[in-house]
1. Just for helices (runs of 4 or more DSSP H) wholly inside segment 210-321: which have at least 1 residues that are closer than 23 Å to S157 by Cβ and touching a residue at least 24 places away in the same chain (Cβ under 8 Å)?
2. I'd like the full set of residues that are more than 30 Å from F221 (Cβ to Cβ) and assigned to a helix (DSSP H, G or I), limited to segment 135-152.
3. Out of the residues in segment 141-162 that are without any contact (Cβ under 8 Å) to a residue 60 or more places away in the chain, of a type outside the set (S, T, N, Q) and out of contact with any Ser or Thr (no Cβ under 8 Å at 6 or more places or on another chain), state the one that is nearest to Q258 (Cα to Cα).
4. Given the conditions (1) of a type in the set (F, W, Y); (2) under 29 Å from C328 (Cα atoms); (3) open to solvent by less than 40 Å² (accessible area, probe 1.4 Å), and given that F153 satisfies all but one, which numbered condition is not satisfied?
5. Run down F132, F98 and say which single residue is part of a helix (DSSP H, G or I), closer than 13 Å to V205 by Cα and touching a residue at least 24 places away in the same chain (Cβ under 8 Å).
6. Of all residues being among the aromatic types (F, W, Y) and within 30 Å of P315 (Cα to Cα) in segment 161-208, which is nearest to the chain's Cα centre (by Cα)? Just the residue, please.
7. If we keep just the residues of segment 263-305 that are surrounded by fewer than 21 Cβ atoms within 10 Å (Cβ to Cβ) and of a type in the set (S, T, Y), which is nearest to the chain's Cα centre (by Cα)?
8. Which members of segment 167-179 meet the condition of being in contact with a Phe, Trp or Tyr (Cβ under 7 Å, 6 or more places away or on another chain) and either open to solvent by 40 Å² or more (accessible area, probe 1.4 Å) or of a type in the set (D, E, K, R) (or both)?
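The values are calculated or read from the model by the stated rules, or taken from the named source; none is laboratory data. No experiment lies behind these values; they were computed from the predicted model shown. Every residue, glycine among them, receives a Cβ derived from its backbone with ideal geometry; neighbour counts consider all protein chains shown. Keep in mind that these areas ignore ligands, DNA and RNA; they rest on the heavy atoms of the full protein, side chains included. Shrake-Rupley method; radii C 1.70, N 1.55, O 1.52, S 1.80 Å.
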Amino acid sequence: MQQSNRRSVSSQRLSQNDRVLRELLFGVVVLVVMLVSALYLAISGASFGGGKIDISSPRKLYLHEEGIIGDSATSADAAGGNANASNKSVAQDNDEEFLVQLVTEKLQKRDLGLKPHQFAHLHHMKTGGTSFNSLLRCGLDRARSIRSADIPFYSLSECGWSHFYRCYGGEDPSCTQNTQDAYVMEFCAPFFAVSHFNWTGADLVTVLRNPVDRVWSMYRFQTMSCYKCLPLKEIYNRIDNGTTEAICGECQSVCMMQLTNHLTRNLVTGDPAKHRLSDEEMLAEAKANLHKYIAFVGVTDEIVAFSKMIGNVFPWLNETVEGSDIKCSLPHANASPSNNGCGENRGHLPLPDEPDEETREIILKHNKLDMELYNEAKKIFSIQKEVLGFV
């Protein structure tokens, strides 16, 4: 009995030692990457100015192996023969180091420039984006006051579906001009709109959410206006058999799309309605864009930490800044209504904070790509926390 207890205690100590060793090794990797990046920047004067970053050959290989970028991105390297195979082996052995380096390069502190196309929030519905927009607008107003400068802001949202497509199609000159002239933007719209209006070179920030939580939040928020008080399970049945138009007519263009892999579709480069992709291609492209174009990634379940971390990269979004008494913090905005109008006599129909198990499984079935993309975002966010010292 005593020998068994000794073995148990010894096993626990080894487990604890392994965990400590892994944390130390990861810390060493982060430190080495930061030192190498700092040395490179000191020598070359280079910096990450937002937008698409130049991915070197080893990182291309890493992203390719992870399924984040396709064969076309590495086709030029393939001519390297045995040397390329050797690089691929190195990339496979150092996946985590390459991803840490990729993320670290994006976390260089930089201020808001006074010229168009500087900073944009790629807002996905029901991810905490409205709360972040409040923080963003506060920081922007404060920056205008401190600098005594006009810093144009504009918001383009697919919530106004017809207006969005008029602007996107060039049929609303005022909207098009405002989008081109803005220094800071909110795109509550797909990434292909960001690309269409030439904003991919800006510092792009986005927040992703667990798709089960996001879909259920969307359903609770729009129970009446979008989903006509029908159970979510019935909505999914109608999606599967193609009868959603009978529920809300044109509203299906926004409302129904929110329920099936919306995040993944929102992060592909082309309009999915015009450029058909397989599920594998769509997920690979969404992951690639997350890595190549998004300067800072947040996740909703850690949005408070996200709001504090982002000021370390973009100082004008800090809670407090020198030269101003204005305090910018993250509110809780756009909560589910207190009366959804789906109860008796148009009163409130109480809905639980979380879906039941059957509904959860149905949501997951229709959002497998979003779950993979969300896990990729969590991986990136975890590294950002480590590099910025928020662990």
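1. Values: elements: 211-221, 232-241, 245-248, 252-255, 262-266, 279-293, 303-309.
Ranges flagged: 211-221, 232-241, 252-255, 262-266, 279-293, 303-309.
2. Correct list: A143, R144, S145, I146, R147.
3. G160
4. Going through the list (1) of a type in the set (F, W, Y); (2) under 29 Å from C328 (Cα atoms); (3) open to solvent by less than 40 Å² (accessible area, probe 1.4 Å), F153 breaks only (3).
5. Numbers: F98 fails: closer than 13 Å to V205 by Cα.
On inspection, the qualifying residue turns out to be F132.
6. First, the residues of segment 161-208 that are among the aromatic types (F, W, Y): 161, 164-165, 168, 183, 187, 191-192, 197, 199.
This time we only want the ones that are within 30 Å of P315 (Cα to Cα), so: 183, 187, 191-192, 197, 199.
Working: Y183: 21, F187: 12, F191: 11, F192: 15, F197: 19, W199: 16 Å.
In this case the residue turns out to be F191.
7. T269
8. Going residue by residue through segment 167-179, those that are in contact with a Phe, Trp or Tyr (Cβ under 7 Å, 6 or more places away or on another chain) are 178-179.
Across segment 167-179, the qualifying residue is only N178.
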